[in-house]
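Below: the structure, in structure tokens.
Taken together, the values in this text are just the output of simple stated rules run on the coordinates, not laboratory data. Everything numeric here is computed off the predicted structure, so don't read it as measured data. Here the Cβ positions follow ideal geometry from the backbone for every residue, glycine too, while neighbour counts run over all protein chains shown.
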Amino acid sequence: MKYCAKCGAELSENSKFCEKCGNKVNENFLNNRNKRVKSGKIVAVIVVAAIIAAAGYLQYTESQKDSNLSKDARETLRYVILEEHEIPQEFLSIIEEKKMNVFKLTYTDKNSLYIAVGYGEQQTGGYSICVNQCYQSQNAIYFDTTLVGPSKGDQIHQADLCPYLVIKTEYLEKSVVFE
């Protein structure tokens, strides 16, 4: 596209004079101007592409840093699963009151932390509870379990049972997050 150097009006490709102001069209000026405009557009595209690439790289490195930080900040928490007779009597009394319904409880005796999860009343036996995760971060302890039902072909006994699980770990001044 050609434009008049004097008034800026659009010119047809074969124009020798501007139809608006009558100015003589300088072919060398137009060619140089068109080349500058094209090269300016190319530079602009390159600059925009470089900015997008840099932003993408920075976002990637930040996400990697966050990912590594979250992995580093997690520490597996050592625990033992308790049998009923190993649970402190006071805590066991609380569990007995709550076990008919789903519950998530913690208890401490200042030496140990006890974490309990119950799944409420079930109509049959054959259930177990799987600990998926038990770890600590800088600010909290995370605990995740799943109730696993009887498998096909298992002999199922009709009974009203209330499956629950209690773990014991070292006492830490952190809140417990049930996932």
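Each other residue within a Cβ distance under 10 Å of G120 adds +1 if Lys or Arg and -1 if Asp or Glu, for a net charge of +1.
Rounded to the nearest 0.05, the FRET efficiency derived from the C-beta distance between K20 and I46 at R0 = 45 Å is 0.85. Other residues within the sphere of radius under 13 Å centred on the Cβ of S93, judged by their own Cβ, net out at -2 (K and R +1, D and E -1). Annotation: peptides 9-16, 121-128, ranked by per-residue average of other Cβ atoms within 10 Å with the highest first, follow the order 121-128, 9-16. When every Cα-Cα distance of region 88-143 is counted in 10 angstrom steps from zero, the calculated P(r) takes the values 18, 46, 31, 5, 0 percent.
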